[in-house]
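Only the coordinates and a few stated rules stand behind these numbers; no lab work does. Everything quoted here is computed from the prediction, not taken from an experiment. Here Cβ is always computed from backbone atoms with ideal geometry, including for glycine, and neighbour counts include all displayed protein chains.
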Amino acid sequence: MGVPPREPVRAWGSVPEELSARVPAEQRGPGRGRDDVRLLVSWGTEVAHRGFRELPELLRAGDVLVVNTSMTLAAAVDGWIGHARVVVHFSTRGDDGRWAVELRDPDGKGTTRARAGGPAGARVRLPGGVRLVPAEALSPGSGRLWWARVSGGEVPELLREHGRPIRYAYTERDQPLSAYRTVFALPSADGAGSAEMPSAARPFTAGLVAELVSRGVRFAPVVLHTGVASAEAHEPPYPERFAVPEASARLIEATRAGRGRVIAVGTTAVRAVESAAGADGVVRARAGWTDLVVTPERGVRVVDGLLTGLHEPQASHLLMLEAVAGRAAIDRGYEEALRGRYLWHEFGDAHLLLPAEERSR
């Protein structure tokens with residue numbers, strides 16, 4: 001389905017370093033919870049500033065929220081190439097048993113930096129006698145992620161015993177794995193999961209979900225196991241495993257027939273549900289791999305709105321946001337987010353994109 005060209009920096013410019021959310025919301029003060037984040041609401045180019053706990057007031061009975069139930073894994077493991085320490089980020093398990101991995105160098109501050117040079121043929125020693133040998137680049141022209149053979153042990157067991165959540169330099173300190181799992185996360189029978197948290201759903205709490213259900217908002221669970229993103233190179237997403245179950249497909253189609261709104265929680269949910277839509281726009285049960293990259297040119301066939309985090313100006317995810325809401329809406333919303341000092345990244349604030357015509361009513 002092609003890779004979109006890299007977009008230039010948006011008109012709203014770069015994100016100041018101090019607007020990176022360094023710790024989860026619940027750690028920013030006594031008595032705070034996950035849902036203590038701000039919510040920027042966009043109806044086209046009209047913008048409002050709300051709190052995430054006000055989400056039930058912005059939705060209505062008959063709406064459906066598409067949520068990703070993939071569970072975040074402890075996907076970062078220390079290893080060694082000779083006497084040099086490396087950090088292995090386990091991204092995705094292939095159908096042939098190989099794993100897509102990224103090798104990174106520790107930076108001495110508890111995080112990592114991009115590793116110079118390609119790892120082809122490198123022999124990486126991991127805890128418990130596990131060995132890893134990168135063989136070929138996951139994508140032609142990119143030497144960041146590699147397919148690697150693993151021997152001497154099983155990766156899910158390795159991650160459970162020796163892994164930790166992937167952490168990037170903008171965060172203040174290591175967090176427990178629970179901080180990277182959403183209220184919707186469910187374990188997979190085969191131990192699969194996401195290398196990085198489907199973070200748009202992080203602010204949801206059990207209480208907020210109960211309030212939404214009581215107001216007639218329904219939930220359509222899907223699965224998309226997210227791979228490793230890059231803190232340095234904002235590449236389009238690689239192929240990822242997904243599943244849209246029959247019950248969710250039926251609920252989404254019933255919602256559309258009843259003139260309810262289909263609102264995806266996160267870009268991963270958009271990718272999953274749009275991958276399950278046929279050329280006729282109908283969502284059907286489907287599972288497998290998706291290489292879909294949602295762009296303004298491709299558009300969206302199913303999603304009416306999107307609840308997401310805030311993305312950096314070079315991020316390929318912004319093309320998906322533009323496909324949902326249009327370039328003008330995204331530029332206007334992000335100008336307001338910067339002006340309002342919203343927080344970016346997985347522990348940051350949220351952005352709700354709704355159809356412009358909804359505001360006029």
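Return the whole-Å distance between the Cα centroid of segment 171-218 and the Cα centroid of segment 31-99.
So the separation of the two Cα centres works out to 7 Å.
Mind checking Rg over Rh on segment 254-361, alpha carbons, Kirkwood formula for Rh?
Ratio of gyration radius to Kirkwood radius for segment 254-361: 0.97.
For the chain, what does -39500 (n - 2.57) per DSSP helix run (n ≥ 4), summed and divided by total residues, give at 222 nm, in deg cm²/dmol to the nearest 500?
Calculated at 222 nm, the ellipticity per residue is -5500 deg cm²/dmol.
Using Cα-Cα distances under 8 Å and only pairs 6 or more residues apart, what relative contact order does segment 76-164 have, in percent?
RCO, segment 76-164: 27 percent.
Neighbour counts of other C-beta atoms within 10 Å: give me Ile166, Ile330 arranged from fewest to most.
By the 10 Å Cβ count, ascending, the order reads Ile330, Ile166.
With springs only between Cα atoms under 10 Å apart, run a GNM on the chain and tell me which of Ser151, Ser248, Ser275 wobbles the most.
Highest fluctuation among the options: Ser151.
Under a 10 Å cutoff between Cα atoms, tell me which one of Ala279, Ala247, Ala114 has the largest fluctuation in the Gaussian network model of the chain.
Result for the chain, Cα springs under 10 Å: Ala279 fluctuates most.
What percent does the relative contact order of the chain come to when contacts are Cα pairs within less than 8 Å and at least six residues apart?
In percent, rounded to a whole number, it is 26.
Just to be sure I understand: with springs between alpha-carbon atoms less than 10 Å apart, which residue in Gly128, Gly79, Gly288 has the highest mean-square fluctuation in the Gaussian network model of the chain?
Gly128
Counting alpha carbon pairs within less than 8 Å and at least 6 residues apart, what relative contact order, in whole percent, applies to segment 254-361?
RCO, segment 254-361: 27 percent.
As a footprinting exposure proxy, order Trp80, Trp344, Trp147 by other Cβ within 10 Å, with the fewest listed first.
Lowest to highest Cβ neighbour count: Trp80, Trp147, Trp344.
Taking each full run of DSSP H in the chain as one helix, which ones are at least 30 Å long along their axis (Cα atoms) and have mean Kyte-Doolittle hydropathy of at least 1.0?
Helices meeting the span and hydropathy rule in the chain: none at all.
With Cα extents along the principal axes in Å as the read-out, I listed (1) 58, 48, 37; (2) 60, 43, 42; (3) 65, 43, 40; which label goes with the value calculated from this structure?
Checking each listed value against the structure points to (3).
Express as a percent, rounded to the nearest 5, the fraction of DSSP beta bridges in the chain (both residues included) that run antiparallel.
DSSP beta bridges in the chain are roughly 70 percent antiparallel.
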